[in-house]
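J.: First, the structure itself, so that you have it in front of you.
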Amino acid sequence: MKVYTKNGDAGITSLVHTRNVPKSDDRIRFVGTADELNSQIGLVKSQTADGQTKAFLEEIQNTLMTVMAGVADPFNQKYKVKDESVSVLEQEIDRLEGLFSRRQGFVLPGENPLSAQIDVARTVARRAERALAAVSVKFGTDAGAKKYMNRLADYLYILARYTDDQMAGRTSAAAGTENGASAAQVSEALVQEVLKRMGMPGRITLEAAKRLIQKVEEEAARRGKKAVIAVCNPEGNPVAVHVMDGAFLVSFDVAVKKAYTSVAVKMSTMELSALAQPGQTFYGVDKMDGGKIVIFGGGVPLKVGDTIIGGLGVSGGTAEEDHRLAEYALSVLPEIL
């Protein structure tokens, strides 16, 4: 079957229930703009190394396809956007806003290539929202879709600012390294002293590990996942391993290895995965250390300041699902300690 049909050569196309629709029709304009937005989000997705963000952007792309289908086939109930989809966006906006201090005043896009690309996607999202509003005036449209498009641009704005903050932090860290190791040594000594005064050793205790595992198990159950959750000390030795009912047998070994890997390489296994691809810095690392290193998401180092006090490994779902549970563990770690 050929890609081209020649049916639209005269500037006419069709919708599901309507034939001979001019390509200048507001509905066609919206679908085209939403398609452009989906491609822009795909470009952002391809450039980010954060597995959690990748997965979230992919969910957005799927929802956009639903919104587009709802305009083309407005009587089909399966193409209605549920309030839950809007709530998920709002929750992610709130989560990101809680991770950094947003600057006041106008923001000029372009602090770094990735945030600039996200800002491009944001402006296309606003254009798509306006196009959907035009459709709504003439033909009516799904109220949930309008809410979603409005919230989507807000999410992309916050994601861009969060990216700016993260990139600025990495630049500052690199500059600090160039200024010499002495400042880092002082900082590390300060962290160790604070830990000591708090009555905490520079490593996670069994009790803290058990509390953290309980939190992760509750969240995994809420998400309908059956996982194995492992916590190790800074040397990579297991402190506690918990197996949820129904978890895969192989998940035990994988979870322990994820926890070990996170402290061995001092980064999440999702980050390591990106760096372990052919041609990248750590290509072949999973063949080292007697097979104890794994390169799929679900392992994260547990830190107090810059001090690694242990590692966490989660195994039971896809790499992205396991990574999200590990990210959740990091979000509740302060209250655990």
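J.: Only one of these conditions is not met by PRO74: (1) exposed (fewer than 14 other Cβ atoms within 10 Å of the Cβ); (2) not in a helix (DSSP H, G or I). Which number is it?
T.: (1)
J.: Checking LEU190 against (1) over 30 Å from ALA125 (Cα atoms); (2) at pLDDT 90 or above, only one condition comes out false. Which one?
T.: Unmet for LEU190, out of (1) over 30 Å from ALA125 (Cα atoms); (2) at pLDDT 90 or above: (2).
J.: Filter the stretch 37-71 down to residues that are small (Gly, Ala, Ser) and assigned to a loop (DSSP other than H, G, I, E, B), then give me how many there are.
T.: From the stretch 37-71, those small (Gly, Ala, Ser) are 39, 42, 46, 49, 51, 55, 69-70; that's our starting set.
From what's left, assigned to a loop (DSSP other than H, G, I, E, B): 49.
Summing the residues that are small (Gly, Ala, Ser) and assigned to a loop (DSSP other than H, G, I, E, B) in the stretch 37-71 gives 1.
Here's the yes/no breakdown for (1) touching a residue at least 40 places away in the same chain (Cβ under 8 Å); (2) assigned by TED's automatic domain parsing to the domain that holds GLN214; (3) β-branched (Val, Ile, Thr):
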| position | (1), (2), (3) |
| --- | --- |
| GLY290 | no, yes, no |
| ILE295 | no, yes, yes |
| PRO301 | no, yes, no |
| ILE309 | yes, yes, yes |
| GLY313 | yes, yes, no |
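J.: I would also like to ask the following. Looking at the stretch 253-260, is at least one residue touching a helix residue (DSSP H, G or I) at 6+ places or on another chain (Cβ under 7 Å) and modelled with pLDDT under 95? Even if it seems obvious, please write down each step before you answer.
T.: Just the residues of the stretch 253-260 that are touching a helix residue (DSSP H, G or I) at 6+ places or on another chain (Cβ under 7 Å), to begin with: 258.
Filter once more, so that each one left must be modelled with pLDDT under 95: none.
Scanning the stretch 253-260 turns up no residue that is touching a helix residue (DSSP H, G or I) at 6+ places or on another chain (Cβ under 7 Å) and modelled with pLDDT under 95.
J.: Hey, can you tell me all the residues within the stretch 253-276 that are closer than 16 Å to LEU325 by Cα and either surrounded by fewer than 20 Cβ atoms within 10 Å (Cβ to Cβ) or among the hydrophobic types (A, V, I, L, M, F, W, C) (or both)?
T.: Hits for the stretch 253-276 are VAL254, ALA255, VAL256, ALA259, MET267, MET270.
J.: Does the stretch 123-135 contain any residue that is in contact with a Phe, Trp or Tyr (Cβ under 9 Å, 6 or more places away or on another chain), buried (at least 17 other Cβ atoms within 10 Å of the Cβ) and over 20 Å from ALA72 (Cα atoms)?
T.: no
J.: Looking at LEU302 and the list (1) surrounded by fewer than 18 Cβ atoms within 10 Å (Cβ to Cβ); (2) within 20 Å of the chain's Cα centre (by Cα), which single condition is not satisfied?
T.: Condition (1) is where LEU302 drops out.
J.: Only residues that are under 13 Å from TYR157 (Cα atoms) and touching a residue at least 24 places away in the same chain (Cβ under 8 Å): list them for the stretch 77-115, please.
T.: LEU89, GLU90, GLU92, ILE93, LEU96, GLU97, ARG102, ARG103, VAL107, PRO109, LEU114, SER115
J.: Continuing with this model, one more query. Quick one: would you say ALA116 is part of a helix (DSSP H, G or I), buried (at least 18 other Cβ atoms within 10 Å of the Cβ) and either out of contact with any strand residue (DSSP E or B) (no Cβ under 8 Å at 6 or more places or on another chain) or at negative phi (or both)?
T.: Here the answer is no, as ALA116 does not meet what is asked.
J.: Residues in the stretch 277-296: is at least one assigned to a helix (DSSP H, G or I) and crowded, with 18+ Cβ neighbours inside 10 Å?
T.: Going residue by residue through the stretch 277-296, those that are assigned to a helix (DSSP H, G or I) are 285-287, 289-291.
Then drop every residue that is not crowded, with 18+ Cβ neighbours inside 10 Å, which leaves 285-286.
Yes, because at least one residue in the stretch 277-296 is assigned to a helix (DSSP H, G or I) and crowded, with 18+ Cβ neighbours inside 10 Å.
J.: Counting only residues that are at negative phi and either modelled with pLDDT under 65 or outside the structural domain of PRO113 (by TED's automatic domain parsing) (or both), how many does the stretch 17-50 have? So that I can check it myself, show each step before the final result.
T.: Here is the first cut: in the stretch 17-50, the ones at negative phi are 17-19, 21-50.
Keeping just the survivors that are either modelled with pLDDT under 65 or outside the structural domain of PRO113 (by TED's automatic domain parsing) (or both) gives 17.
Of the residues in the stretch 17-50, 1 are at negative phi and either modelled with pLDDT under 65 or outside the structural domain of PRO113 (by TED's automatic domain parsing) (or both).
J.: Okay, moving on. When you scan the stretch 262-276, how many residues do you find that are in a loop (DSSP other than H, G, I, E, B) and within 25 Å of ALA208 (Cα to Cα)? If you could, list the steps in order and put the result at the bottom.
T.: Within the stretch 262-276, the first condition is being in a loop (DSSP other than H, G, I, E, B), and the residues that meet it are 266-268, 276.
Within this subset, residues satisfying the condition of being within 25 Å of ALA208 (Cα to Cα) are 266-268.
Final tally of qualifying residues: 3.
J.: Just to be sure, is ASP25 under 23 Å from ALA116 (Cα atoms) and surrounded by 14 or more Cβ atoms within 10 Å (Cβ to Cβ)?
T.: On the way: under 23 Å from ALA116 (Cα atoms): no; surrounded by 14 or more Cβ atoms within 10 Å (Cβ to Cβ): yes.
For ASP25, the condition - under 23 Å from ALA116 (Cα atoms) and surrounded by 14 or more Cβ atoms within 10 Å (Cβ to Cβ) - is not met.
J.: Let me ask something else about it. Mind checking which residues of the stretch 273-319 are among the polar types (S, T, N, Q), out of contact with any strand residue (DSSP E or B) (no Cβ under 9 Å at 6 or more places or on another chain) and within 23 Å of ASP253 (Cβ to Cβ)? Break it down stepwise before answering.
T.: Filtering the stretch 273-319 for residues among the polar types (S, T, N, Q) gives 273, 277, 280-281, 307, 315, 318.
When the remaining residues are screened for being out of contact with any strand residue (DSSP E or B) (no Cβ under 9 Å at 6 or more places or on another chain), the result is 273, 277, 280-281, 307, 318.
Hits for the stretch 273-319 are SER273, THR318.
J.: Right, here's the next one. Could you tell me whether the stretch 88-98 includes any residue that is farther than 23 Å from ASP26 by Cβ, over 16 Å from the mean Cα position of the chain (by Cα) and surrounded by fewer than 19 Cβ atoms within 10 Å (Cβ to Cβ)?
T.: Narrowing the stretch 88-98 to residues farther than 23 Å from ASP26 by Cβ: 88-98.
Then keep just the ones that are over 16 Å from the mean Cα position of the chain (by Cα); that gives none.
No, that holds for no residue.
J.: Give the stretch 54-111 a look and list any residue that's among the polar types (S, T, N, Q) and closer than 23 Å to ASN38 by Cβ, or say none. Quick ask: steps written out before the conclusion?
T.: Restricting attention to the stretch 54-111, the residues satisfying the condition of being among the polar types (S, T, N, Q) are 61-63, 66, 76-77, 85, 87, 91, 101, 104.
Scanning the stretch 54-111 gives GLN61, ASN62, THR63, THR66, ASN76, GLN77, SER85, SER87, GLN91.
J.: Further question on the same structure: Could you check how many residues of the stretch 148-157 are surrounded by 17 or more Cβ atoms within 10 Å (Cβ to Cβ) and either modelled with pLDDT under 95 or not aliphatic (A, V, I, L, M) (or both)?
T.: Of the residues in the stretch 148-157, the ones surrounded by 17 or more Cβ atoms within 10 Å (Cβ to Cβ) are 148-149, 151-153, 155-157.
In the following step, the residues that additionally are either modelled with pLDDT under 95 or not aliphatic (A, V, I, L, M) (or both) were identified as 148, 151, 155, 157.
Looking only at that region, the number is 4.
The values are calculated or read from the model by the stated rules, or taken from the named source; none is laboratory data. It should be emphasised that the depicted structure is a prediction, and the values quoted were computed from it without experimental measurement. Virtual Cβ from ideal backbone geometry, glycine too; neighbours counted across all protein chains shown.
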